[in-house]
Amino acid sequence: MANACSGCAASKACRCRVRFRGTCRPSRRRRIRRDQPPPERARTRNHVWTLDFVFDRTLDGRQMKILSVLDEHTRLCLALWAGRSLTGSDVTRVLDRAVAEHGAPAYLRSDNGPEFIGLVLTEWALDRRCETKYIEPGKPWQNPFVERFHDKLRDECLNGECFVSLAEARVVLESWRREYNEIRPHSSLGNLTPTEFATRPGGADFATLRLPLLGNPIQPPIVT
């Protein structure tokens, strides 16, 4: 990392989180509107998985695209996978690995990006009897869990790392994902970790979340 920051050379103290090639790379936090709830809210584990991308760069300046997959009810980060460019086929491969470990979701929530609305992911969901739920264009607050998660990911991981390669980024991201799931307690889960919350006696289905159920929740699937 550079010792001097060209963007803050005139300042007494640089408030940027990371200095990237001598240029400020400020920490950016997106405000989440709280006046409107998401269209639906998960009630059980594997009820709703949410998908989204966040972007970063390696030291050579090349773009890195990171797919995150979250279980909305337990807050478990089921996958965090980086690539140069991720297609619908890449998304389904990541989902296949998550399903093999955690089981299939009843619903997938995402924005209207081409990787999520394309034929590949649509057929994948149909084959697994999984329904897709898209947020309205220009309304990221309808997907608040992934927005909050990406704020934490950027502040605690991406803004503190300068990745030499894509392979290094994948190792660091997986290590951070495990720490997020298994070590750090979440106030919204009663100060349990997502792993503890998901595996508590009686299952996560009957635990009380701090956030209220708002909107018109999706009805959980009936287990026979």
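Estimated at 0.36 nm per residue, the fully extended path between E174 and K65 surpasses their Cα-Cα distance by 37.8 nm. Close amide-amide hydrogen proximity is noted between L192 and H186, each under 5 Å apart and 5 or more residues distant or on a separate chain (H modeled in the peptide plane; Pro and chain starts excluded). Taking a point 7 Å from the Cα of R97 along the Cα-to-Cβ direction, the residues of segment 68-82 with backbone N closer than 18 Å to it are 68-71, 76-82.
Potential lengthening of the chain between N112 and R200 amounts to 28.2 nm, from the contour at 0.36 nm per residue minus the alpha-carbon distance. Ordering 73-82, 183-192 by mean Cβ neighbour count within 10 Å, with the highest value first, yields 73-82, 183-192. Centre-to-centre, using Cα atoms only, segment 138-165 and segment 45-86 are separated by 9 Å. Mean separation of Cα pairs under 8 Å and 6 or more residues apart, divided by the residue count, gives segment 65-213 a relative contact order of 22 percent. Scanning residues 5 or more positions from K133 or on other chains, those with amide H under 5 Å from its amide H are L108, R109, S110, with H placed 1.01 Å from N in the peptide plane. Using heavy atoms of the protein chains and a probe of 1.4 Å, the accessible area assigned to W49 is about 0 Å².
In this structure, the amide hydrogen of D52, modeled 1.01 Å from its nitrogen in the peptide plane, lies closer than 5 angstrom to those of S68, counting only residues at least 5 positions away or on a different chain.
The values are calculated or read from the model by the stated rules, or taken from the named source; none is laboratory data. The structure displayed is predicted, hence computed values, not measured ones. Please note: Cβ atoms are built from the backbone with ideal geometry, for glycine as well, and neighbour counts cover all protein chains shown. Just so you know, the surface numbers come from the protein's heavy atoms only, side chains and all, with ligands and any DNA or RNA stripped out. Shrake-Rupley method; radii C 1.70, N 1.55, O 1.52, S 1.80 Å.
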